[in-house]
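Reviewing the structure listed below.
The values are calculated or read from the model by the stated rules, or taken from the named source; none is laboratory data. None of the values given here were measured: they were computed from a predicted structure. We place every Cβ from the backbone using ideal geometry, glycine too, and count neighbours over all the protein chains shown.
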């Protein structure tokens, strides 16, 4: 399998940098909403329950965003180390189209499919 070209690496680096900024912005914008719900803020029991439910969804989304940010930062580090695009299972080069769709991915499609099966 062919290695990623410099042009491909540059395009993927730009994608990862944009993704990193997007995740950081999303986490920043939702920081205040992630604070615990105060009992005095909502007078009614149902509105307080709604607020707590909405907050649990927000926290789950923030956790997913944090995880994807961590993967994105890891991918950017791998670019610096020269190991970006190598499947962590079979060590083959992950095809450019897959990396373009999921730039933080660590597995080729074949290994990912086997793992999910």
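Listing for the model above:
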quantity: Residues located in the stretch 58-94, provided they are free of Cβ contacts under 8 Å to residues at least 24 places away in the same chain and within 13 Å of residue 111 (Cβ to Cβ); calculated: 86, 88, 90, 91, 94
quantity: Conditions (1) under 15 Å from the mean Cα position of the chain (by Cα); (2) surrounded by 13 or more Cβ atoms within 10 Å (Cβ to Cβ); (3) touching a residue at least 12 places away in the same chain (Cβ under 8 Å): number failed by residue 102; calculated: (3)
quantity: Qualifying residue in the stretch 37-50 (condition: surrounded by 11 or more Cβ atoms within 10 Å (Cβ to Cβ) and modelled with pLDDT of 85 or more); calculated: no
quantity: Qualifying residue in the stretch 96-105 (condition: closer than 30 Å to residue 36 by Cα and touching a helix residue (DSSP H, G or I) at 6+ places or on another chain (Cβ under 8 Å)); calculated: no
